[in-house]
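A.B. asks: What follows is a structure written as structure tokens; I'll ask about it next.
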Amino acid sequence: MLMKRLVLAGAISLLAGTAYADCAFENKMEIKSLTAGFAAWKAVTDAMAECGNVQAELDQEFRKKQPDAFAANPSLYDIGGVANSTILPLLAAGTIRPLDDYVAKYGQQLKPNQLIKVDGKTMAIAMDVNAQHLMYRSDILGDLGIAAPKTYDDVLAAAAKIKAAGVVDYPLGGTYKTGWNLAEEFVNMYLGNGGTFTDANNMPTINNDAGVKSLETMKALTAYMDPEYLVSDSTYVQQQFQQGKIAMANLWATRAAAMNDAAESQVVGKVTMAAAPMGSVRPASSLWWDGIVIAKNISDAKAEDAFRVAMEGIDKDMVQANNDVAVWLIDGYVPGPLAAGAAATAAAGAVPYPASAQMSIMHTALGNGVADYLTGAKDAKTTLADIEAAYTTAAKEAGLIK
Amino acid sequence: MKFRTFAIFVGPSVFMMLLFIAFPLISVFKQSFYVTQPVYDQVTVETCTPGFLKQICTSEVKSQPRLDANGAPVTQTRFVGLQSYRNVLEPDRAWAALSRWDLSTLLTIDFWKALRFTVMFTLVTLPLVLVTGLAIAVAVNNATKSLRGPLIFVSLLPFIITPVIGALSIRWLFIGDGIMTAFLEWALGHNISVFANAWAIEALMYFYRVWHVAPFAFVIFYAGLQTVNQDTLESAIIDGASRWQRLRYVVIPHLMPLIVFVSLIHLMDSYRVFDEIVGFASQAYVISLQWLTYDLLTPDDSGTRAISRASASAMLTMIGIVILLIPLLRKTWRDHKSQVH
Amino acid sequence: MSGPRALQQPLSLKIGSSAFLIFWCLVAAFPIFWIAVMSFKSPIDAFSSNPLNVIFGPQTRAAGRGLSALDIALGGAVVYAAARLSMGWLGRQVRALAPMGQIWLGWVIGAAAFALGFVIVFFGILPMVLNVLDPLAGPFGRDIIGLTTENYRAVWIDRGFSRNFVNSLIVTTGVVTVSLTVGTLAGYGLARSGSNLAFWLLIVALIFRALPHSVLVAGYLPVFINSAEILRPIMGDAAPTLYGKPFAVIAVLVAINQPFTIWMLRSFFQNIPRELDEAARVDGCSHFQAFRLVIMPVMWPGVITTGLFSFLLGYNDFLVTSLLLDASNQTMVPAIAGMFNRETTTTDQVQAVAAAVSITAPLFLLVMVFQRQIVSGLTAGAVKG
């Protein structure tokens, strides 16, 4: 049944790829966009391009370029693609404009959920959400009589059973690559245990029981992973899943579709999407969004055009043609079984990623510091204390701590 | 040559180096003593972000940068003296660890960890590159004439291939169940995870660098071998010198300037080792000085970069380079003097 | 070498030396060979943990893409013929047709034309012929090795990699030309001046050569993006935004490469006897005339060798090009890195491997053509200092 629907969806997307609904208006001004490069942005920028005179740049270095490029006068780009955290430098430097007027004029189809508001002003339009959630091989868990894991204790127990049964190389996969990925895993775990990262004075607050517990859970999980977990990123874990080497992983919702891609995957239809395992307080995950901003340093007429182009990029036609590429927030999206994990994670009370300038510094410090505990170079308390020290040094340099 | 003529000849080159190397360098030097930061105000902000179905609005006190009349953030620059250097070197912790002879603690501090690897990487790969390069050069020089062309071609491959791609291709052979790992597992009979061990990753990085640079040494040495004086060689043979003695006392002294040249280039290149760290994603285990600078300069999600610390770390790297080069610089100075007089 | 008897080698040494060479060639070529094999397979095969699956590609074959014994035999024959032609015939043609003194230019054009011809025959005509022959050949016409050019098609046609190729060509050509022009002048000046200033310039250049690039490069970005504003007071409205402009990247790469270039060329010029241009000066030439009339004709071996190093730097650069070029002007290396680092699927990765293999092909060609010049250039003295 699932297969059939996928094939059908594939066929539709093929059709739509060649005969997209045309743009509603003809764009006269040259509009440039700078976004990240993953599949959802590809779909959106392709849809924008139908309006003509649109130059889309999907750049992996966008994080480095965006703040400077938008600060130039005139701005080098008109439309920007951002996420929870990457919008911050633009907001901080005041290089993006409020969108309320344009929303009133051209944005009737937008859902209230899509309007990112800062101090009552709409600063960005969200298009999708993303979160890490549990994916598991229902066939393996079913054969071994393991119930769907709900907490990390369940996950560890299931992993022990799978390891004993020896049906896969490694029971677990994890996006534990040192740096951003590893920090994100800690953030998920720590949020799940109800922790907060900084206090009102921007001082670090991670060296506590919740922090130690998060580290210990992570280390316990790594015992069931490929020993090379410190170099495995999302793509690698996805590949391990596709090759049938692992049975469970906490993986990004955007990766769900790849499990059922017959051209790459040997486990088509065998992977179930479930909510992220519960920490002691809430699901060990964080919600992310991607969205669109418009530059401030451009003429009003151009900004208006850019906004209309952007609206064409995130319209119903685009979503219908690319339904499974992301968990869209846009009207017309039909959540399928692949989105079930993200939906269940959100329903269970996962919180948004706590994006802020100090959080970004904390994220970097975590990314560089957590590995020392996993490799056994330091104990949990020392690791957390060192991360706090690294954070404090960086935050002082950035002016966040006096 | 008159100064005017000289200036015209070297002018364009010097101008480009001034513009793109010297000026940035001076600004890096200056930045290492200053800190520039935005002025933050504590304000209550209400933020609404999308949930899966309904919006989540939170109201909290945030540090928000102050904007001036034009909407640009207000920044202030302070002179901080050697503070950034202290932040990089962490002298208190380093000294505490050193006085206890606790090297493993010292090596958990980023800068010292990076310095240890960088120096070791430079010193371990240097002799390996020289020996491998010389061995290939001698062997190719020994081979039948008709085979030499193809041999040189194959030998040069690792050197010309784009470094990013070379590192990736080696990485694929070893990562996970890559075929080299699979082969080693088969040969040794137990499970191996190259990327799970600090020493194995480090060894792989040494291997990659030697693989990549030995061909350069080879081609230089091979060129040198073509100019070995045949008369000297023959008289050595008449004197009854063995093959090894001829290599040791005739060939190697002839190649000495080239060995110095290759060493010089290799010292400079390997001291700024960087591609390997990124290519093999080894940050969890080993980092290098240039990677440390790069990491400090990489903006985080909020666009913050640690420019002052990065500048300090860059200057410290430079000092290291100059120390390494001093013996060679002195030799060049003597050569120059003797040439002039 | 047919030297005196004592130069002849004992058997053990011969065997040891050849064994070492074979081992080295394996080590040198294997990683490259392996990614080349991967690039011709479907994603499942390419990343299979069983090496035999990677080589024979059962999934690829199952998808109806493969090579029969006949295909392999004929393909091999074409490759062999091409290799023979490139060794003998091509050289003769080049020597016959190239204008005198510009034989290296003849080689460049000849090699490029030859490569193009080979691509047309091998990937265009040969498959058509084989499609007809395979069904007639019985068991020899059945696929035995899975092989697909799908990844290459996807990269070059669907993803527009050819545009990146052109950009790489522009940047590399620019880097080599400017670098050599500026570098030969400076190298000559430095070689012929014994002043302390020249010495200190060389030392400073040496230290510049040793600088970690990431330090410099990060500083360029804000300046390049805002250059229009910065330069407006000087240049008025014609002030360009340097970010994303190939010529700006060329300038940066040339500058970064200058220290090495001037050192190489200086030691090369030092080996050209001073008497040569001094004689010309006595005859009443200025320094520049002496340089143009006397030095230029004899400097080519050194310039070609140095040029090759500049080429490698420009062609292989990642740090500068990834940061300072926008998508429309992106060169091949950052484009490939982008394919790998993007939120990728396995298909993307195999395509990236195919792109990675394509980018090495011109390097292959280059070394094939210039191999002899590299060695002779180095022998002639570019490294004697």
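FYI, it's all coordinate maths here, none of it is from the lab. All of these numbers come straight from a predicted model, not from anything done at the bench. Every residue, glycine among them, receives a Cβ derived from its backbone with ideal geometry; neighbour counts consider all protein chains shown.
A.B. asks: What distance in nm separates the simple spin-label points at B:LEU103 and C:THR181, each placed 7 Å from Cα in the Cβ direction?
C.D. replies: Rounded to a tenth, the inter-label distance reads 5.4 nm.
A.B. asks: Choose one answer from B:LEU89, B:LEU19, B:LEU267: the residue with the largest mean-square fluctuation in a GNM of chain B with alpha-carbon springs under 10 Å.
C.D. replies: Residue with maximal mean-square fluctuation among B:LEU89, B:LEU19, B:LEU267: B:LEU19.
A.B. asks: Which one of A:ILE246, A:ILE140, C:PRO43 has its Cα pushed farthest toward the positive end of the charge dipole of the protein assembly as shown, where Lys and Arg give +1 and Asp and Glu give -1 at the Cβ?
C.D. replies: Ranked along the dipole, the leading option is C:PRO43.
A.B. asks: Among C:SER86, C:SER12, which comes first, second and so on when ranked by fewest other beta-carbon atoms within 10 Å?
C.D. replies: Details: C:SER86 18, C:SER12 8.
Ascending number of Cβ neighbours within 10 Å: C:SER12, C:SER86.
A.B. asks: How big is the dipole moment of region B:103-340 about its Cα centre under a simple scheme where the beta carbon of each Lys and Arg is +1, that of each Asp and Glu is -1, and everything else is neutral? Debye, nearest 20, please.
C.D. replies: Values: 16 positive and 14 negative charges, 143 e Å.
Dipole size: approximately 680 debye.
A.B. asks: Moving to a separate point now. Distance cut-off 29 Å, Cα to Cα: go down the list A:LYS150/A:LYS396; A:LYS316/B:LYS54; A:LYS219/A:LYS270; A:LYS302/A:LYS396; A:LYS32/A:LYS316; A:LYS117/B:LYS30 and report the pairs above it.
C.D. replies: A:LYS150/A:LYS396; A:LYS302/A:LYS396; A:LYS117/B:LYS30
A.B. asks: Right, next: List the pairs from A:LYS64/B:LYS62; A:LYS177/A:LYS245; A:LYS121/C:LYS245; A:LYS163/B:LYS113; B:LYS2/C:LYS245 whose alpha-carbon separation is above 26 Å, in the order I gave them. Walk me through the numbers before you get to the answer.
C.D. replies: Numbers: A:LYS64/B:LYS62 24 Å; A:LYS177/A:LYS245 18 Å; A:LYS121/C:LYS245 36 Å; A:LYS163/B:LYS113 36 Å; B:LYS2/C:LYS245 38 Å.
Where the Cα-Cα span goes over 26 Å, the pairs concerned are A:LYS121/C:LYS245; A:LYS163/B:LYS113; B:LYS2/C:LYS245.
A.B. asks: According to the square roots a ≥ b ≥ c of the eigenvalues of the Cα gyration tensor, what is the shape class of the protein assembly as shown, taking rounded for a/c under 1.5, prolate for a/b larger than b/c otherwise, and oblate for the remainder? Working shown, then result.
C.D. replies: On the way: a/c = 1.59, a/b = 1.36, b/c = 1.16.
Verdict is prolate for the protein assembly as shown.
A.B. asks: Oh, and also: Take the Cβ-Cβ distance between C:ARG292 and B:TRP244 as r, set R0 to 35 Å, and report the resulting FRET efficiency rounded to the nearest 0.05.
C.D. replies: Numbers: r = 49 Å, r/R0 = 1.41.
FRET efficiency, C:ARG292 to B:TRP244: 0.10.
A.B. asks: Taking 25 Å as R0, compute the FRET efficiency from the Cβ-Cβ separation of C:ARG372 and C:LEU13 and round it to 0.05. Kindly include the intermediate steps, with their values, before the conclusion.
C.D. replies: Working: r = 27 Å, r/R0 = 1.08.
The pair C:ARG372/C:LEU13 has a calculated efficiency of 0.40.
A.B. asks: Could you give the nm distance between label points at B:VAL61 and B:SER235, where each point is 7 Å from its Cα heading toward the beta carbon?
C.D. replies: 8.9
A.B. asks: Just to confirm the number: angle between the C-alpha axis of helix B:3-17 and the first principal axis of chain B, 0 to 90 degrees, nearest 10?
C.D. replies: The answer is roughly 50 degrees.
A.B. asks: Placing +1 on the Cβ of each Lys and Arg and -1 on the Cβ of each Asp and Glu in region B:291-341, which of B:TRP333, B:LEU297, B:MET318 has its Cα farthest towards the positive end of the resulting dipole?
C.D. replies: B:TRP333
A.B. asks: Among B:VAL119, B:ILE175, B:VAL154, flag the residue with its Cα farthest along the positive direction of the charge dipole of region B:108-204, charges on Cβ as +1 for Lys/Arg and -1 for Asp/Glu.
C.D. replies: After comparing all options, I get B:VAL154.
A.B. asks: Let me ask something else. Dipole of the protein assembly as shown, Cα-centred, from +1 at each Lys and Arg C-beta and -1 at each Asp and Glu C-beta, to the nearest 20 debye? Please list the in-between numbers first.
C.D. replies: Details: 81 positive and 80 negative charges, 692 e Å.
Using Cβ point charges on Lys, Arg, Asp and Glu, the protein assembly as shown gives about 3320 debye.
A.B. asks: Right, next: Return the distance in nm (one decimal) between the two label points of a simple spin-label model at C:ILE55 and B:LYS54, each offset 7 Å from Cα along Cα→Cβ.
C.D. replies: 6.3
A.B. asks: Would you mind getting me the FRET efficiency between A:ASN208 and B:THR75? Use the beta-carbon distance for r and R0 = 41 Å, nearest 0.05. Each step should come with its number before you reach the end.
C.D. replies: Values: r = 34 Å, r/R0 = 0.83.
Between A:ASN208 and B:THR75 the formula returns 0.75.
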